[in-house]
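Encoded as structure tokens, the structure appears first; notes follow it.
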Amino acid sequence: MTSLPYHGLRLLAVHAHPDDESSKGAATSAKYASLGARVLIATMTGGEAGDILNPALLQSPKASRDIAGLRREEMAAAASALGAEHVWVGHVDSGLPDGDFDNQTPPGCFYRVPDEVAMLPLVHIIRTFRPQVVTTYDELGGYPHPDHIKNHAVTMAAVAAAADPAAHPELGEAWQVQKVYYNQDLSAKKWITIHEKMLEAGLESPFADHLEDFKKRDNQRNNWLSTRIDCGEFFPSRDRALLSHATQIDPEGGFFSASRKAARTYWPTEEFELATDLTGREPLTPGVDFQEDDLFASVTFDDGRRVPAEGMLPKSPETETEAGAETGAEATMSTESDSPA
Ligand SMILES: [Zn+2]
């Protein structure tokens, strides 16, 4: 174990619902875990409000009587497929109302709990796990879902409180996270680029009808893809994790199957946006994409060693783009969390 380069490094990936960890940053999690880092996925809610999106499971008594229980089993299988550890933060899914999140979400749900209360279990998790790097969503949630927007606010509050020895000493010894990133691997830039590359290659793009949506989303928030992780060889692990969430995935669906296949060929990376950097290195240039290719670049280990500024990630083998096709794992998402729109 100790010979693996990332042994001693810890990544905490905070997500809103079970399945988000498999559609955002999943191959990155699998890659770091394989290199010896500890990867802990913290899921804010139990996904209790999720519908059954897989027609094959509509008749399943377990799916209709105990969706929360079934989603816990699915989550355990997904974490295992990624080689990650997992913890439930313990909040209740807010569902996805059409309009006014403040009034249409159910009382007591994650969205309605004040940030300073909702953060408490996460402060404890941060102080216990002691991650050097934390990932979460941007302030718009990356996707307009109340739990995703809340995921951002609560993660940022928890990271700040965890570092403050005066804040909630009963939750453990203070811990300073060195870097926070936002998941940006479902960026509009990515889908637009894949679309253009497919046209150049003379292929029919599955994204043609969605281009206006992508551009609108790009205008709402100009995502900064500061950091790009080369992780195509772990797309099969990501697909296995995603398929573990059987209630949320229709394996026979069309659009996402095509989009995932295209991404494997034309975009074998996952992107993140640097939000907090306390490593003390020379700052990245804001707004300039692809300046980093390792989330742990310039991070300090517990023993004082430092990850080089250029990072330590080995490049993916060239054959990566073929690897997924051979597994036959054509993961198809019908859930919001993988939606490019
Ligand atoms: Zn979600």
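Taken together, the values in this text are just the output of simple stated rules run on the coordinates, not laboratory data. Because the structure is a prediction, the values reported are computed rather than measured. With ideal geometry, Cβ positions are generated from the backbone for all residues, glycine too; neighbour counts draw on all protein chains shown.
Dividing the convex hull volume of the Cα atoms of segment 72-115 by its residue count, what figure in Å³ per residue is obtained?
Measuring per residue, one finds 106 Å³ for the Cα hull of segment 72-115.
How many nm separate the modelled label positions at residue 203 and residue 73, each set 7 Å beyond the Cα in the direction of the Cβ?
3.6
From zero up to wherever the largest Cα-Cα distance of segment 42-101 sits, split into 10 Å bins and tell me the percent of pairs in each.
20, 45, 31, 4
Below 8 Å between Cα atoms, with a sequence gap of 6+, how large is the relative contact order for the chain in percent?
In percent, rounded to a whole number, it is 21.
How would you rank 77-85, 203-211, 106-114, highest first, on the average number of other Cβ atoms within 10 Å across their residues?
Per-residue mean Cβ counts within 10 Å order the peptides as 77-85, 106-114, 203-211.
Given C-alpha coordinates of segment 199-304, what is the ratio Rg to Rh with the Kirkwood estimate of Rh?
1.04
Could you give me D for segment 1-103, from Stokes-Einstein at 25 °C and 0.890 mPa s, where the hydrodynamic radius is the Kirkwood radius over C-alpha pairs? Units µm² s⁻¹, please.
164
Under a crude label model (7 Å from the Cα following the beta-carbon direction), how far is residue 211 from residue 193 in nanometres?
1.8
Provide the percentage of antiparallel DSSP beta bridges, counting only those with both residues in the chain; round to the nearest 5.
Bridges in the chain are about 35 percent antiparallel.
As an exercise, find the ratio Rg/Rh for the chain from alpha-carbon atoms, using the Kirkwood inverse-distance average for Rh.
Reported Rg/Rh (Cα atoms, Kirkwood Rh): 0.95.
Are there chymotrypsin sites (Phe, Trp or Tyr not before Pro) in segment 233-293 that DSSP puts in a loop and that have at most 13 other Cβ atoms within 10 Å, and which ones?
Answer by residue number: 290.
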